[in-house]
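All remarks here apply to the structure that follows.
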Amino acid sequence: MARPHIEFIQSQWLSWQRGRYDSFRPGVETKILSRDDETGAASLLQRYPRGWSQRGKLALSADEELFVVQGELRINDVVYGPHTFAYLPAGYTREGAASSQGAVVLSFFEGEPGLQDAGSEGFDHERLVTFVDGMDGPWGGVTNPKFPPGRGRKMLRVDPYTQDETWLLGTMPLRNGLEPEIHPTVEEMYLLAGEVAGNLGTMRPGAYFWRPKEVPHGPYGTRTGNLYFFRTKGGALSTTYGAAQESFDWDPDYVPVLPPELQQYATFRFDGARNY
């Protein structure tokens, strides 16, 4: 089947694995957050060990979008530190990669990745985003006037063909709304910092969801403030709001939507572990 609805799981509960991506990224451990069995597209956490390196030219057969959560990763002559981003299209030549101190990286493949001859087919320059530093630049507004105040957005990428978006969202502490939301696109999220309470439980750092389009969700609130990493698939984000609730539940039960292979985690509870 296509990629299932996952909302939400703490990435800390998943095991680091080896094998599936070793052919082109040897020595790197992976947590598979979600995967499309039909296309091979996948969302991953990847852990690069200290001193990892890869020499020689190579190119992947699938687009890769990446965001560094912790540590440092060098690809070609570009050094990616925490909260930096890139979108490297299929066929993009990597003339070496390394991580002197180790790194934890969110990686998103837009198909089943494999190796192809570097430089043999070129790549789509319109999709290339070599480097964006999430620490730079001002926070922008969120245009929907019904979106509760006390938030900002930093856009990382807009696809030139599909208008799919990737962005960071930051919100202030002691903030909540009362209206649930619906989007006409897939929405994918990894929580980088803070906590957020919603209709399916309280998400902590490391929480992840892949939500299909037109699924009602929320409303949400945060005592701490938070920092999210978001993506859409199927176009730019837009929001339709539902009828406002009379009150907000700051301590909701964990009642996730999980596919059968993840059902074992439905009774897990957050234990204060690290962010991934």
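For region 129-152, residues that are more than 18 Å from the chain's Cα centre (by Cα) and assigned to a loop (DSSP other than H, G, I, E, B) total 14.
Taken over region 59-89, the residue count meeting the criterion of being among the aliphatic types (A, V, I, L, M) and either at positive phi or surrounded by fewer than 18 Cβ atoms within 10 Å (Cβ to Cβ) (or both) is 2. Hey, does region 48-70 have a residue that's outside any helix (DSSP H, G or I), out of contact with any His (no Cβ under 8 Å at 6 or more places or on another chain), closer than 19 Å to ARG157 by Cβ and among the small types (Gly, Ala, Ser)? Within region 48-70, one or more residues are outside any helix (DSSP H, G or I), out of contact with any His (no Cβ under 8 Å at 6 or more places or on another chain), closer than 19 Å to ARG157 by Cβ and among the small types (Gly, Ala, Ser). Summed over region 94-110, the residues that are buried (at least 16 other Cβ atoms within 10 Å of the Cβ) and not in a strand (DSSP E or B) give a count of 1. TYR228 satisfies every condition listed in (1) of a type outside the set (A, V, I, L, M, F, W, C); (2) in the same structural domain as TRP167 (by TED's automatic domain parsing); (3) more than 30 Å from TYR161 (Cβ to Cβ) except (3). Only a single criterion out of (1) more than 24 Å from HIS83 (Cβ to Cβ); (2) surrounded by fewer than 20 Cβ atoms within 10 Å (Cβ to Cβ) is not satisfied by GLY201, namely (2).
Of everything in region 189-198 that is surrounded by fewer than 22 Cβ atoms within 10 Å (Cβ to Cβ) and aliphatic (A, V, I, L, M), the residue that is nearest to the chain's Cα centre (by Cα) is MET189.
The values are calculated or read from the model by the stated rules, or taken from the named source; none is laboratory data. On a predicted model such as this, the values are computed, not experimentally measured, just so you know. Backbone-built Cβ (ideal geometry, glycine too); neighbour counts: all protein chains shown.
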